Amino acid sequence: MKVLVLSTLHQFHGHVDYYTYEDLAHIIWSFSPDILAVELRSSDVEGRVPQKIKQEYQKSVYPLIDKLKCESSHSNRPSRSIPN
């Protein structure tokens, strides 16, 4: 199994010419992942909930989830706060 970790610019993909939403989608598509891990609640992914800051989801990732026929899954572990 290969792993690729991508940094994203969230809403700033729309403000730069060198790493656009299309570039992000192309990179993910070219890698052809078996698993596409995201930092959202499964209900957001399943409902394709638009994100205010993380706009790469509705503009790049959600369409790829459908194209790649990815299934949504999540951990049953409770969320934990990070101590200060």
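Each reported figure results from applying straightforward, stated rules to the coordinates on display, with no laboratory input. This structure is a prediction, so every number in the text was calculated from the model and none was measured. Positions of Cβ are generated from backbone atoms using ideal geometry, with glycine treated the same way; all protein chains shown enter the neighbour counts.
Classify segment 1-65 from the C-alpha gyration tensor, please: rounded if a/c falls under 1.5, else prolate or oblate depending on whether a/b exceeds b/c.
Working: a/c = 1.85, a/b = 1.02, b/c = 1.81.
Oblate, because a/c is 1.5 or more while a/b does not exceed b/c.
Per residue of segment 2-7, what does 6.51 cos²θ - 1.76 cosθ + 1.60 with θ = phi - 60° give for ³J(HN,Hα)? Whole Hz please, x for Gly and Pro, Karplus curve as stated.
9, 10, 10, 10, 10, 7
Calculate the spin-label point distance for Met1 paired with Glu46, positioning each point 7 Å from the Cα along the beta-carbon direction, and give it in nanometres.
2.2 nm
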